[in-house]
Structures are given as structure tokens and as C-alpha cells.
Amino acid sequence: MSEDQTAEGIRLSILGMRCAGCVSAVEGALAAVDGVTEVTVNFADHSALVKGHGDPEQLTKAVKDAGYDAAIMEGLEDPADQEQQEHQRYQQLMQKAKVAGGFGAFLMLIDMLGWMPDMGSAAGKWFWPIVALITLGILAYSGEHFYKGAYKSLLLKQANMDTLIALGTGSAWIYSCIVIDYQNLLPNIATHAYFEAAVVILAFINLGTGLETLARGRTSSAIRQLIGLQPRTARVIRDGEEVDIAIEHVGLGETLRVRPGEKIAVDGVLIEGHSSVDESMLTGESLPVEKTVGMLVVAGTMNQTGSFLFTATRIGRDTALAQIINSVRQAQSSKPEIARLADKISAVFVPAVVAISVFTFLIWYAFGPDPSLGYAFVTSMTVLVIACPCALGLATPISVMVAVGRAAQSGILIRKGEALQTAGKISCLVLDKTGTVTEGKPTVAAVSALADLSEDEVLQLAASIESGSEHPLAAAILAAAEQKQLTLTKVTKFSASAGHGVSGQINEQALLFGNSALMVEHGVAHTEYTTQLEQFALRGQTPMLLAVNQRVVGIIAVSDPIKKDSAIAVQHLQHLGIRIIMVTGDNPITAHAIAKQAGITEVRAQVLPQDKAIVVKDLQQQGEIVGMVGDGINDAPALAQANVGFAIGTGTDVAIESADVVILQGSLVKVPEAIALSKATVINIKQNLFGAFVYNTLSIPVAAGLLYPLFGVLLNPMIAQVLTLCPVLLFQHRFIVELFDMP
């Protein structure tokens, strides 16, 4: 097992799970393996994510010992193989449903036509034993997986959906065999054998399981599409020749050729040529992005017009695409708080149903009309058949899978399932300024020389001292100096003061470059330039003072325009009733000027990066559910402190560990979209949990015979099994169709 695999977790494909009780059994088996620290089993896509240092062979053995089958899932699986496996599974289930349903329909048809011989007749003496044998064979074929699962659960002293199916259909067959010889002991409602009920029940169960398979296929479509972005081969240049090799054989530092219409194989840096690249499947942005020498290209994106060469910088599991897929999978497998309630209910559901069935039998046997044994058997069997624990088990995971997958297709990477639930509750959203509200690409707007230096000399000194800084404003000054072809001077004794500026020494001269706070800190007089500084700030520009030997010699103003959709995003957030606060290290005048352009009325200025988390914490103490939107690097403490952290970035920023949600294309307008998706998802989960609870609460008492004393009505076991399809069809519509069609 590789170190990467250990860090990310081991993913297993689990076969044989048919209810939430199975989830508990698998989780318990995996958690008991030495070295395992965390286990998450996803009933919706039949997978498990195991973290820690568990041995893969021991993990698969533990699952098999628990009565299920398991296989390690490695790398980026071929989506065609996944679809083929799902299709084969679906066809097998449909074939089993057809065999069972066909024979059941035949028995019901000849019964309706009056062709079925009486059990006591001469024809009945050979007809009914043959029917019993054929039914037994069909039960073995169409229900083998259920009976095996029930037997293994019994050995482990557990109960699951297989237990209910085995008890229901098995008792129907045994009961029918008894009816052949002892029909006089049974009530009129049950004077005929239930062989057709046993096989039709299996037909409907297999049909329902097939529909769930289709549901899982649709919910996993986002993952398959992302996996499908990864090309299987790459064209590399080796020994001066271009050769096509398998993607897994590409090494770091290799040079690759990409032609028009081809997918980019791995992450890298363009070194020759130029082109436009379609990054829509990763970022949700439909417009192609122009790529020139020195720019990053991302695996899975589609080259459009030109041909270019690039150097591989990330391969295999390290590519942005692989990290996105891994993050989506982990989010889909994670359980928000609301899912734990469903798990607790589902864990006791099957034992409770068996207990109710036994109780029903005893009540009817003790107090029912003659023949009480027959009534007791029919009602207890119907209780077993009608129960549907799958409804509770599917309610949350399918909804989470669909929502996370749909978000990924829109360029919103939800990294934690808990964030999907919490985002819809956000009451206050804290926005960083640079790179979040603004473009994050500042440019020099003005250079003012205040002493005997020229503007170029002021810019040259500022660029020289900023050459050691990684601040976005430093990049703007360096770019302006490069454009003017100014030669930078070596700086010694360089020092950076977070949120204030930088200092250093050039040719025995002490330089300071930063805001007013830096000048105050070093005792430099600058009040005479206050009016000029305010004028720059009122225009939304950030002014910085340059001092040489304790004397201000120049001002450089840098502007960072707001993003074109920031004002629209803020408007959408305000319509959702969310309080918006912009927090920045910039001066108050500039901060308010930028905020005004974006439509933000509440601003916290001159806040140091390390203090942004304190702002978030203070808001939380006031009772706010706080979301923080930042770049995921300087804002990491605040992102981690917030109830939901949104990192604004590009496809290469998916490894940001401090954020719960990553906005891949960097558009602030995706934040209200993520919040709206959260609200819709939680509403769907609650609706369907309520629906599943109501279904079981009403159907089980009816199956137990609650209506018989009032109306003389007992529920037929076959009708009971038809009713179990209702929750499955409910999930097909509400979870999948509704979420995918959400505007």
C-alpha cells in the first residue's frame, strides 16, 4: 500500500449491501481491523472509505467474513468499465425479476381463468407438488443472494433487509406447502397457496433493486464524467521523437505535445506555442482560456486551437483532476449530521420489524378469529414483506451524492458533506477583498515623486525592495518596473511586516515601503501627505509610501478592480437574507470605496491576516452562522474557523485543506449558488426522510391487520410488496430528477 493511498484512504467496492443495517455491519467489520482510524460506508454507491493504516487484504477479508464481498478500488477507473459493470448488474436483476414475475403471472392468470385444480382433487395431487418444486427452484435462482445474505447475518447474530426477504418469501413457500394438505385449518382469505406471492415478491424486490442500481448510476455520473476527462494516452518527446505512451508512464519533468482537439494528459507549464483551452468541466466557465508560455495547463481540459509543448509538473494522483475526483468522492461518502439520525433509526429498523412480526403473530394467534393460526401466519408474513428499510437508508446518501456531483459540474467542489448541510444555514458571510471581491491582479495606477527623485527612480527603488516579497501588490510593482525595463538593485537586511509593508537597505540607504502604519511604526513624518493619500483611496486605489533614510520620497498607488460579477453575487446573497461583511488589511477609505462598488455596506478595514479568524470567531459568539470566503492561503485560519469556509481559486487550488468548499473558477457568484444548492438538498433530505417514516409508520400497522376489526380487510402480501416500490420511485424522482433540474 502506497503512502499516498494511506493518506487519502483506501476505497473499497462493497457487494451485497441491501439496507442501512448492512451499512452498520460493514462499518463495524472494517473498524475492527487493526490500524483503521475512520470508516465511512456509502450505501448509495456501495463503497467504503477507510482511513488509517489498515492492511487492504485484512480489510477485504473482514468484509467477506461479515457476509459481503469487497474489492479495492485503485486509481482512476475506466468509466466505460464502471458503466458496463452497472449495466451487467442491472441486467442480472431484471432477468431474475422476469423469471420470478413470469411464473407468478402464469399462476395468477390460470387462477383467474379458473384453470387451477383444487388441492384435494386428483389433478391437484400432482399439480401442486410440481408447482411447489418449480417455485423452490425460482426462489433459489431469483433469491439466492438474499438467502445467502440472511444466513450469513444469522451466523453473525445480525438482521438486515435480507433477513426480512428470506423470512417473508421462505415463510410464504412453507406456508403454501402446508396449505396443500391442511387447507381446512386456514381462514377463507388464505385457502389458496401463496406460491405466486413468494415469486412475485422476489420479482418486485429485484425490480426495486434494479431501479436503485439505475439511481446509483445517475448519481455517479458526475464522477464518471470527471474520470472520463482523463485521456488514456499522452504524446511525449523522448530522444527528440514524439511517441504516444500510456498515461501512467508519463514522468515528472517530461515534455508533452498537445495538438488541437486533444485533452491535456497531466498538469504542467506551457513552454512553447500558444492556444485556447476549454476548462469548463473543471471550472464551470464556458469561455475558453488563452494559454501562453509560462501559464499552467490542467489535466483533463480540452485544447482547442493551437499546438503547444508543456512540461509535466503533476502526474497521477497529484493532478488537479485526480484531487478533484478524490475530494468529490470523499464528500459524497461523508455523512452530514442529519444522516446520523437516519443511521440510528435504520440500525434498529430490521430487528424492530421482526419483533413486530412476531408480536403480530402472537396477537392474532391468541385473539384472532378461527382459524387463528392462519390469520396469524398471513399477517405476520405481510409485516415482513411490506417493511422498507432501504427508504431510510437511501434518503441521505443519494441526495448528498447528487448534490455534490451536480456542484462539481458547476465548478463548485464540496469537500465535506457537513458543509452541504451547514451552508444553507449561513446568516453572515465574511468576504476577503483581494482576489475575492476584486480581481486579485493589481496594477500600478499612479507614481508620485515627492523629493528630488524622478518617478522612474521611485518605482525602481520600490520594485527593488519588493523583489523579496510575495504579496500581490508587490507583483504589480515588479510588473510595472519590468514594463519600463528598470534595473533592480540588490537589497540587504530585507524584512516584511505583515499587513504593513517591507523594509531593507540599498547602498547604505535605509528604505521603507508600505502604508501609514509602517511609517508610524518607524517614526517617519508623513502627515503632510494625508490629503493626497485620501484622494488615491477615494478612487479605490491603495497608496503606499516610499521612505529613504526616514524621509518620504514618493507614493505609489495600486488599483485592483472588482470582479465583473461581484456586485451581482452580493445582490444575490443579500436577497437570501445574508449579512455581508468585507474584511481587508487595506486602509478604511480604499476599503469603503471598493465595498461601495460591490454593494457592500459593512466593512472591517486594516485587519491583519492573522486577525481575520478573530473577526469570524467574534461573529460566531454573537450567534451568527458564519461563512468565510477567501483565497485559501492567507485566509486559512479564518476559513478553518468559519462554520463553512469557501476558497476562491482555480483548478490547481483543490488541495486547500482549510476550506470546506472550493470555487474552482474563482467567481463569487458561485457562493450563493452553493448556498441555494445546500438549502434544496436539506429540504429534499427532510422531505424524503419524513416520507419514508410516514410510509413505514402507516404501512406496518395496516399489514399487521389494524383495519380488520373495523372493515374486515387484510392486506394481501403481494400488494404489500408492490407498495414497497413506492419509496424507490419516490427517490428516483425527488432526489435525482428534482436536484438535477434545479435552476
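The values are calculated or read from the model by the stated rules, or taken from the named source; none is laboratory data. Because the structure is a prediction, the values reported are computed rather than measured. Neighbour counts run over all protein chains shown; Cβ positions are idealised from the backbone, glycine included. Side chains are part of the model used for accessible areas, which takes the heavy atoms of the whole protein and leaves out ligands, DNA and RNA. Shrake-Rupley method; radii C 1.70, N 1.55, O 1.52, S 1.80 Å.
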Q. What part of the accessible area of the range 354-494, given as a whole %, is carbon or sulfur when the probe is 1.4 angstrom?
A. 55
Q: Sort out for me the Cα centre separation of the range 85-122 from the range 495-564, rounded to whole Å.
A: 85
**Q.** Förster radius 25 Å - calculated FRET efficiency between Tyr147 and Ala32 (Cβ-Cβ, nearest 0.05)
**A.** 0.45
Q: Show the residues, 5+ positions off or on another chain, whose built amide H is closer than 5 Å to the amide H of Ala510.
A: Asn549
Q) Applying 1/(1 + (r/R0)^6) with R0 = 45 Å to the Cβ-Cβ distance of Ser276 and His87, what FRET efficiency is obtained, to the nearest 0.05? A) 0.80
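What does the highest-first list of 359-369, 98-108 look like by mean Cβ count within 10 Å?
98-108, 359-369
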Q. Want the number for Val358 to Glu455: 0.36 nm per residue separation, take away the alpha-carbon distance, what's left?
A. 25.7 nm
**Q.** Within straight-line cross-link reach of Lys96, lysines at Cα separation under 20 Å, skipping those fewer than 8 residues along the same chain
**A.** Lys148
Q: Report the GluC sites (Glu not before Pro) located in the range 492-540 that are in a DSSP loop and have at most 14 other Cβ atoms inside 10 Å of their Cβ, or state none.
A: Glu508
Q) For the peptides 134-141, 420-427, 376-383, what is the packing order when you average, over each peptide's residues, the other Cβ atoms within 10 Å and list the highest mean first? A) 376-383, 420-427, 134-141
Q | Extension gain, Thr697 back to Ser307 (0.36 nm per residue minus Cα-Cα distance, nm) | A | 134.0 nm
Q: Can you quote the Å³ per residue value for the convex hull of the Cα atoms in the range 349-505, rounded to an integer?
A: 201
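Net charge near Ser516, counting Lys/Arg +1 and Asp/Glu -1 over other residues with Cβ under 14 Å of its Cβ?
So the environment of Ser516 carries a net charge of -4.
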Q: Treating cross-link reach as a plain straight distance, find the lysines whose alpha-carbon is under 27 Å from the alpha-carbon of Lys596, omitting any fewer than eight places away in the same chain.
A: Lys425, Lys433, Lys441, Lys563, Lys564, Lys612, Lys617, Lys670
**Q.** Accessible surface, 1.4 Å probe, highest first, among residues Glu27, Glu466
**A.** Glu27, Glu466
